[in-house]
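Right, one structure below, let's go through it.
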Amino acid sequence: MKRTLVILLIAVLLASCGGGKSEGQSTTTATPTTEAQVQKVDLSQVPEEWPKLNEELATKGEQLFAQKGCNACHMVSDQKLVGPGLKGLNERTTYRWSMAMILNPDSMLKNDERAKQLLKEYGTPMPNQRITFEEAEAILHYILKVSQ
(Lines give C-alpha, C1' and ligand atoms only; values in the text may rest on other atoms or scores of the structure.)
Protein backbone atom coordinates (compact mmCIF):
# COMPACT_ATOMS: atom_id res chain seq x y z
CA MET A 1 0.00 0.00 0.00
CA LYS A 2 2.82 2.38 0.94
CA ARG A 3 4.63 1.67 -2.33
CA THR A 4 1.46 2.43 -4.33
CA LEU A 5 1.07 5.77 -2.55
CA VAL A 6 4.69 6.70 -3.25
CA ILE A 7 4.30 5.84 -6.94
CA LEU A 8 1.06 7.83 -7.11
CA LEU A 9 2.70 10.82 -5.42
CA ILE A 10 5.63 10.76 -7.85
CA ALA A 11 3.25 10.55 -10.82
CA VAL A 12 1.28 13.55 -9.55
CA LEU A 13 4.45 15.55 -8.95
CA LEU A 14 5.81 14.81 -12.40
CA ALA A 15 2.49 15.67 -14.03
CA SER A 16 2.37 19.00 -12.22
CA CYS A 17 5.87 20.05 -13.34
CA GLY A 18 4.31 21.45 -16.52
CA GLY A 19 3.45 24.78 -14.88
CA GLY A 20 0.54 26.87 -16.05
CA LYS A 21 -0.82 26.64 -19.55
CA SER A 22 -0.34 29.61 -21.78
CA GLU A 23 -3.12 31.32 -23.67
CA GLY A 24 -4.31 29.31 -26.63
CA GLN A 25 -2.55 26.15 -25.47
CA SER A 26 -4.70 23.05 -25.36
CA THR A 27 -4.68 20.90 -22.24
CA THR A 28 -5.76 17.81 -24.15
CA THR A 29 -2.89 17.42 -26.59
CA ALA A 30 0.77 17.46 -25.76
CA THR A 31 3.13 18.71 -28.43
CA PRO A 32 6.64 17.32 -28.29
CA THR A 33 9.31 19.97 -27.83
CA THR A 34 11.79 20.18 -30.65
CA GLU A 35 15.23 21.74 -30.43
CA ALA A 36 13.96 24.67 -32.53
CA GLN A 37 11.13 25.38 -30.05
CA VAL A 38 13.39 25.51 -27.01
CA GLN A 39 14.17 29.05 -25.90
CA LYS A 40 17.85 29.83 -26.33
CA VAL A 41 19.11 32.65 -24.17
CA ASP A 42 22.58 34.18 -24.35
CA LEU A 43 23.76 34.49 -20.77
CA SER A 44 27.25 35.81 -21.48
CA GLN A 45 26.29 39.23 -20.07
CA VAL A 46 24.72 37.82 -16.88
CA PRO A 47 27.07 38.29 -13.92
CA GLU A 48 28.47 35.32 -12.02
CA GLU A 49 27.80 37.02 -8.67
CA TRP A 50 24.32 37.08 -7.22
CA PRO A 51 22.69 40.52 -7.20
CA LYS A 52 21.53 42.36 -4.11
CA LEU A 53 18.04 41.19 -3.08
CA ASN A 54 15.18 43.08 -4.75
CA GLU A 55 12.08 42.63 -2.55
CA GLU A 56 9.67 43.56 -5.34
CA LEU A 57 11.15 40.95 -7.66
CA ALA A 58 11.16 38.40 -4.82
CA THR A 59 7.42 38.90 -4.27
CA LYS A 60 6.76 38.41 -7.98
CA GLY A 61 9.11 35.42 -7.96
CA GLU A 62 7.20 33.76 -5.13
CA GLN A 63 4.03 33.90 -7.22
CA LEU A 64 5.84 32.62 -10.31
CA PHE A 65 7.45 29.79 -8.35
CA ALA A 66 3.98 28.43 -7.59
CA GLN A 67 2.43 29.42 -10.93
CA LYS A 68 5.10 27.72 -13.03
CA GLY A 69 4.98 24.57 -10.92
CA CYS A 70 8.52 24.86 -9.55
CA ASN A 71 7.16 23.83 -6.15
CA ALA A 72 6.15 20.43 -7.54
CA CYS A 73 9.82 19.45 -7.74
CA HIS A 74 11.67 21.91 -5.48
CA MET A 75 11.29 23.11 -1.93
CA VAL A 76 12.61 26.51 -0.89
CA SER A 77 14.15 24.88 2.15
CA ASP A 78 17.21 22.67 2.14
CA GLN A 79 14.93 19.62 1.89
CA LYS A 80 15.07 17.50 -1.26
CA LEU A 81 11.89 16.67 -3.17
CA VAL A 82 11.96 15.48 -6.78
CA GLY A 83 14.84 17.92 -7.27
CA PRO A 84 17.22 19.59 -4.84
CA GLY A 85 16.11 21.99 -2.12
CA LEU A 86 16.82 25.55 -3.17
CA LYS A 87 17.67 27.29 0.10
CA GLY A 88 21.27 28.42 -0.09
CA LEU A 89 21.39 28.05 -3.88
CA ASN A 90 23.26 31.36 -3.96
CA GLU A 91 26.05 29.74 -1.92
CA ARG A 92 26.26 26.59 -4.04
CA THR A 93 26.07 28.00 -7.56
CA THR A 94 26.66 31.22 -9.43
CA TYR A 95 23.85 33.49 -10.54
CA ARG A 96 24.70 32.83 -14.20
CA TRP A 97 24.61 29.04 -13.73
CA SER A 98 21.23 29.29 -11.98
CA MET A 99 19.82 31.47 -14.77
CA ALA A 100 21.12 29.02 -17.36
CA MET A 101 19.53 26.06 -15.58
CA ILE A 102 16.13 27.78 -15.47
CA LEU A 103 16.24 29.22 -19.00
CA ASN A 104 18.09 26.48 -20.89
CA PRO A 105 17.70 23.25 -18.91
CA ASP A 106 17.82 21.08 -22.06
CA SER A 107 21.19 22.49 -23.10
CA MET A 108 22.51 22.41 -19.54
CA LEU A 109 21.58 18.75 -19.12
CA LYS A 110 23.47 17.93 -22.33
CA ASN A 111 26.54 20.11 -21.82
CA ASP A 112 27.07 21.06 -18.18
CA GLU A 113 28.82 18.60 -15.86
CA ARG A 114 27.07 19.83 -12.72
CA ALA A 115 23.64 19.57 -14.37
CA LYS A 116 24.49 16.07 -15.57
CA GLN A 117 25.48 15.12 -12.02
CA LEU A 118 22.18 16.47 -10.65
CA LEU A 119 20.28 14.44 -13.22
CA LYS A 120 22.22 11.36 -12.22
CA GLU A 121 21.57 12.04 -8.53
CA TYR A 122 17.83 12.80 -8.79
CA GLY A 123 16.91 10.78 -11.88
CA THR A 124 14.46 13.36 -13.18
CA PRO A 125 15.42 16.02 -15.74
CA MET A 126 14.42 19.60 -15.12
CA PRO A 127 11.72 20.41 -17.69
CA ASN A 128 11.87 23.48 -19.88
CA GLN A 129 9.08 25.70 -18.55
CA ARG A 130 9.69 28.35 -21.23
CA ILE A 131 10.35 30.90 -18.52
CA THR A 132 11.32 34.37 -19.70
CA PHE A 133 14.51 36.09 -18.59
CA GLU A 134 12.48 38.48 -16.41
CA GLU A 135 10.56 35.61 -14.80
CA ALA A 136 13.80 33.75 -14.07
CA GLU A 137 15.23 36.88 -12.45
CA ALA A 138 12.17 37.18 -10.21
CA ILE A 139 12.28 33.49 -9.25
CA LEU A 140 15.96 33.75 -8.36
CA HIS A 141 15.29 36.82 -6.19
CA TYR A 142 12.65 34.79 -4.36
CA ILE A 143 15.15 31.97 -3.82
CA LEU A 144 17.70 34.54 -2.65
CA LYS A 145 15.15 35.93 -0.17
CA VAL A 146 14.36 32.54 1.38
CA SER A 147 18.08 31.77 1.51
CA GLN A 148 18.85 34.68 3.82
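Among the residues of segment 108-137, the ones that are part of a loop (DSSP other than H, G, I, E, B) and not charged (D, E, K, R) come to 9 in all.
Just to be sure before I move on: is LYS80 modelled with pLDDT under 95, over 17 Å from THR93 (Cα atoms) and basic (Lys, Arg) in the structure I sent?
Numbers: modelled with pLDDT under 95: yes; over 17 Å from THR93 (Cα atoms): no; basic (Lys, Arg): yes.
Judged against the criteria, LYS80 is not a match.
The values are calculated or read from the model by the stated rules, or taken from the named source; none is laboratory data. Quick caveat, the model's predicted, so the values are computed rather than measured.
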